[in-house]
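J.: Here it is, the structure, as structure tokens.
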Amino acid sequence: MRYLITAGPTREPIDPVRFISNRSSGRVGVSVARAARAAGHGVTLLLGCGASIGKDELEALIVEGVLVIHFDASTELQQELERAWPAHDVLVMAAAVADYRPSDVSDAKLTRGQSPTTLALVPTPDLVATAAANKRDDQFVVAFALEEPAVLHENAKRKLQEKRVDAIVANPIDTMEASDIDPTWFEKSGNTDNAGPMEKADFGDWLIDRIDAARGAS
């Protein structure tokens with residue numbers, strides 16, 4: 001199979017030097033990319049420029065046969081998804097896409113005291129919902145939900161339905177920047193799975209097993 005995996009944060013520009021972003025490290029998506037490649041799948045990794053991935057780790061991924069393509073803003077990720085998704089079988093949307101971006105981007109650096117002092121924001125497109133809406137019957141889309149523990153499973157199952165994806169991985173919000181993860185798998189067929197806390201480095205193998213089982217792979 002051919003896996004398309006997104007990882008890391010988007011950086012939504014305010015001016016040439018400032019941006020809106022989040023604390024996503026990209027390690028979850030990298031773990032999935034490495035596991036998918038080790039399982040013999042073709043892998044394209046769309047990696048945010050703000051991801052906390054060292055040069056040596058990135059070079060190792062490339063040596064292992066992962067095609068790495070960098071993106072910065074959500075508009076760039078959207079373009080890469082539109083280009084690459086038709087040629088892949090599975091999309092794992094692990095990137096942390098900003099929900100909002102500035103409505104206007106200054107061509108020049110804004111200086112202190114320069115207007116505007118209020119930043120107007122507009123919603124970014126729902127990229128995983130768009131990919132799910134445009135997928136073929138033989139393609140499989142996995143989304144992620146990062147939520148407060150009290151509403152984690154409820155909101156993940158709601159997003160599973162609203163975005164019309166094939167499966168969603170629910171993660172408590174303290175997963176961000178942590179070394180471990182406590183994922184719960186929800187599939188549109190009704191299958192669920194929670195293996196308990198694990199290192200992010202081990203998450204990829206767990207997820208690939210869930211996806212392969214859902215697709216009936218050996």
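Rule-based calculations on the coordinates, nothing more; no lab input. None of the values given here were measured: they were computed from a predicted structure. All Cβ positions, even for glycine, are placed from backbone atoms using ideal geometry, and neighbour counts span all protein chains on display.
J.: Please report the net charge: other residues with Cβ closer than 15 Å to the Cβ of R164, K and R +1, D and E -1.
T.: Summing Lys/Arg as +1 and Asp/Glu as -1 gives +2.
J.: State the antiparallel share, in %, of DSSP beta bridges confined to segment 124-200, rounding to the nearest 5.
T.: The antiparallel proportion sits near 60 percent.
J.: What FRET efficiency, computed as 1/(1 + (r/R0)^6) with R0 = 22 Å and r the Cβ-Cβ distance, is obtained for H70 and R164, rounded to the nearest 0.05?
T.: 0.20
J.: Which value in nm describes the separation of the simple spin-label points at A38 and I173, placed 7 Å from the Cα toward the beta carbon?
T.: Roughly 3.2 nm, to one decimal.
J.: Enumerate by residue number the GluC sites (Glu not before Pro) in segment 137-204 meeting two conditions: DSSP loop (anything except H, G, I, E, B), and at most 12 other Cβ atoms within 10 Å of the site's Cβ.
T.: Passing sites in segment 137-204 are E177.
J.: Kirkwood hydrodynamic radius (Cα pairs, Å) of the chain?
T.: Result for the chain stands at 17.8 Å.
J.: Between beta-carbons, use under 12 Å as the cut-off and find the net charge around P197, counting Lys and Arg +1, Asp and Glu -1.
T.: It works out to a net charge of -4.
J.: Would you work out if segment 81-182 is rounded, prolate or oblate? Take a ≥ b ≥ c from the square roots of the eigenvalues of the alpha-carbon gyration tensor; rounded if a/c is under 1.5, else prolate when a/b is larger than b/c, oblate otherwise.
T.: Here segment 81-182 falls in the oblate category.
J.: While we're looking at this one, here's another question. Using a 10 angstrom Cβ neighbour count of at most 12 plus a DSSP loop assignment to flag exposed trypsin sites (Lys or Arg not before Pro), which longest range of the chain is free of such sites?
T.: The longest uninterrupted stretch comes out as 24-108.
J.: Among bridges DSSP assigns within the chain, what percent are antiparallel (round to 5)?
T.: 35
J.: K55: which lysines have alpha carbons under 24 Å from its alpha carbon, excluding same-chain residues fewer than 8 sequence positions away?
T.: Within the straight-line cut-off, K55 pairs with K200.
J.: Something else about it: Quick one: among V30, V17, V92, which has the greatest mean-square fluctuation in a GNM of the chain with alpha-carbon springs under 10 angstrom?
T.: Answer for the Gaussian network model of the chain: V17.
J.: Also, I was wondering about something else. Summing +1 for each Lys or Arg and -1 for each Asp or Glu, what net charge is found among the other residues whose Cβ lies under 11 Å from the Cβ of I181?
T.: Net local charge, I181 excluded: -3.
J.: Continuing with this model, one more query. For the chain, find the longest principal axis of its Cα atoms and tell me its angle to the long axis of helix 74-84, 0 to 90°, nearest 10.
T.: Helix 74-84 and the main axis of the chain meet at about 40 degrees.
J.: Right, something else. If a paramagnetic tag sat 7 Å from the Cα of V122 along the Cα-Cβ line, which residues of segment 87-105 would have the backbone N under 18 Å from that point?
T.: Once the point is set 7 Å along Cα→Cβ of V122, 98-105 turn out to lie under 18 Å by backbone N, inside segment 87-105.
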